[in-house]
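**Q** Encoded as structure tokens, here's the structure I'll be asking about.
The values are calculated or read from the model by the stated rules, or taken from the named source; none is laboratory data. Predicted model, so just to flag it, every value in this text is computed and none were measured. All Cβ positions, even for glycine, are placed from backbone atoms using ideal geometry, and neighbour counts span all protein chains on display. For the accessible areas, the whole protein counts, side chains as well, though only heavy atoms, and no ligand, DNA or RNA atoms are used. Shrake-Rupley method; radii C 1.70, N 1.55, O 1.52, S 1.80 Å.
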Amino acid sequence: YLMDAQYGQAIPEFKEALRINPEDFDIYYYLGVCNYKLEQYEEAITYLKIALEKKSDGEPYYYLGVCHYSLGQFPEAITYLEKTLGINPDDADAYSIIGVSYYLLGQFPQAKENLSKAQDLFKKEGDYLKAKDIEDFLGKIN
């Protein structure tokens, strides 16, 4: 169900899998992702924090960051997304969300710095549409 983007159907299956094997921290991560995709951010945060106990790659941090961003909790979003960058320093999306978070907090120099980094990384990846969107946004800040 998860691979087919049927998140609502995936959740009961993952919960059953947790009942059988509560020590499988990947299941908590998948539950977090499903809840994020369904815009159930608080529940997603709960599962993702449990996943962090064993899953040390950047993905739980990234999803925690975007959940907090979606809830308007920008300092928390920045904290988690910076941890993502500590693991994957070329994550353009993380820089982009950090930049917008700083912008919304009124911290324009940090916003420009992170958005510029995101723009460079998007160009490097060949995603010129996102790079252009950021260029336009940066033009509004200046």
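**Q** I'd like to check something: does segment 89-104 contain any residue that is in contact with an Asp or Glu (Cβ under 8 Å, 6 or more places away or on another chain), buried (at least 21 other Cβ atoms within 10 Å of the Cβ) and modelled with pLDDT under 95?
**A** no
**Q** Of the residues that make up segment 49-71, is at least one closer than 23 Å to PHE137 by Cβ and outside any helix (DSSP H, G or I)?
**A** yes
**Q** Only one of SER96, SER101 is within 16 Å of TYR41 (Cβ to Cβ) and free of Cβ contacts under 8 Å to residues at least 60 places away in the same chain; which?
**A** SER101 is the lone residue from the list that is within 16 Å of TYR41 (Cβ to Cβ) and free of Cβ contacts under 8 Å to residues at least 60 places away in the same chain.
**Q** Being closer than 22 Å to PRO12 by Cβ, of a type in the set (D, E, K, R) and surrounded by fewer than 19 Cβ atoms within 10 Å (Cβ to Cβ) is true for just one of LYS54, LYS37, LYS83. Which residue is that?
**A** The unique qualifying residue is LYS37.
**Q** Using the structure shown, decide if GLY72 is small (Gly, Ala, Ser), under 30 Å from GLN110 (Cα atoms) and in contact with a helix residue (DSSP H, G or I) (Cβ under 6 Å, 6 or more places away or on another chain).
**A** Answer is no for this residue.
**Q** Quick one: ASP26 ticks every box in (1) open to solvent by less than 70 Å² (accessible area, probe 1.4 Å); (2) among the acidic types (Asp, Glu); (3) under 13 Å from the mean Cα position of the chain (by Cα) except a single one, so which number is it?
**A** So ASP26 meets the others, but not (3).
**Q** Please state which one of LEU105, LEU31 is over 29 Å from LYS132 (Cβ atoms) and not charged (D, E, K, R).
**A** So the residue among LEU105, LEU31 that is over 29 Å from LYS132 (Cβ atoms) and not charged (D, E, K, R) is LEU31.
**Q** Given the conditions (1) out of contact with any helix residue (DSSP H, G or I) (no Cβ under 8 Å at 6 or more places or on another chain); (2) surrounded by 15 or more Cβ atoms within 10 Å (Cβ to Cβ), and given that GLN119 satisfies all but one, which numbered condition is not satisfied?
**A** (1)
**Q** Moving on. Which condition number does GLN6 fail, the rest of (1) open to solvent by 70 Å² or more (accessible area, probe 1.4 Å); (2) at pLDDT 95 or above being met?
**A** Here GLN6 meets the rest and fails (2).
**Q** So, of the residues in segment 25-48 that are assigned to a helix (DSSP H, G or I) and out of contact with any helix residue (DSSP H, G or I) (no Cβ under 7 Å at 6 or more places or on another chain), which turns out to be farthest from THR79 (Cα to Cα)?
**A** Once the filter is applied, the top-ranked residue is ASP26.
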